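Engineer: Before anything else, here's the structure in question.
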Amino acid sequence: MRILGIDLGDKKIGLALSDPMGWTAQGLEVINSKGSIEADIAKIKEYVERYEVEKVIVGLPLNMDGSSGPRAEKARSFAARMGKKLKVAVEMTDERLTTVAAEKLLIEADLSRTRRRQVIDKMAAVLILQSYLDLKAAK
């Protein structure tokens with residue numbers, strides 16, 4: 001069963017895909033947001049169909065104290081609409097600090113600032129999906 005991980009941003013959407021066994025996450029793509037939820041979902045649908053994705057995991061950007069802010073509400077709304085449009089299971093998982101962790105990993109890999117900007121959303125999606133897969137495996 002393939003699972004798609006999503007790091008939802010205002011301008012870019014990072015995508016990661018699990019291996020068929022659901023053990024590891026690999027970076028897939030960074031989509032430039034079209035500014036329209038419907039257009040963004042249509043683009044994501046292409047990946048869902050191409051890779052026969054059965055579940056989508058969307059990062060939930062909670063505040064550090066665990067409360068919800070405007071970005072979390074936007075992510076919830078996006079996930080709900082995507083679930084209706086794609087006809088696949090859509091779940092959300094806490095994504096606090098994934099972008100910070102992704103930035104650290106990319107700096108440690110000695111990527112230039114320009115290259116980091118190009119892949120940080122994809123790396124954040126990988127971290128979101130991998131943490132979900134790890135939690136699922138631990139149960």
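Engineer: Is any helix in the chain, taking whole DSSP H runs, at least 30 angstrom long along its axis by alpha carbon and on average at least -0.5 on the Kyte-Doolittle scale, and which ones?
Structural biologist: 113-138
Engineer: Here is a further query. Pop the C-beta distance of Ala80 and Asp110 into the FRET formula with R0 = 30 Å and round what comes out to the nearest 0.05.
Structural biologist: For Ala80 and Asp110, the calculated efficiency is 0.15.
Engineer: Considering amide H positions built from the backbone, and no H for Pro or chain starts, which residues 5 or more places from Ser33, or on another chain, come under 5 Å of its amide H?
Structural biologist: Lys12, Ile13
Engineer: Go through the stretch 59-65 residue by residue and turn each phi into a ³J(HN,Hα) via Karplus (6.51, -1.76, 1.60, θ = phi - 60°); whole Hz please, and just put x for glycine and proline.
Structural biologist: x, 9, x, 6, 5, 4, 7
Engineer: Any chance you could get the radius of gyration and Dmax over the Cα atoms of the stretch 2-138, in Å?
Structural biologist: Spelled out, the Cα radius of gyration and Dmax of the stretch 2-138 are 14.0, 41 Å.
Engineer: Along the charge dipole of the stretch 2-138, pointing to its positive end and built from +1/-1 on Cβ of Lys, Arg, Asp and Glu, which listed residue (Ile120, Leu28, Phe78) has its Cα farthest out?
Structural biologist: Phe78
Engineer: Now, a different point. Once amide H atoms are placed 1.01 Å from N in the peptide plane, what residues at a sequence separation of 5 or more from Glu95, or on another chain, have their amide H within under 5 Å of its amide H?
Structural biologist: When sequence neighbours closer than 5 places are left aside, the close amide H contacts are Leu60, Leu62.
Engineer: Quick one: which residues, 5+ away or cross-chain, put their amide H under 5 Å from the amide H of Gly5? H built at 1.01 Å from N.
Structural biologist: For Gly5, whose amide H was placed from the backbone, the distant partners under 5 Å are Ala16, Leu17, Ser18, Ile57.
Only the coordinates and a few stated rules stand behind these numbers; no lab work does. Note that the structure is predicted; figures quoted are calculated from it, not measured. With ideal geometry, Cβ positions are generated from the backbone for all residues, glycine too; neighbour counts draw on all protein chains shown.
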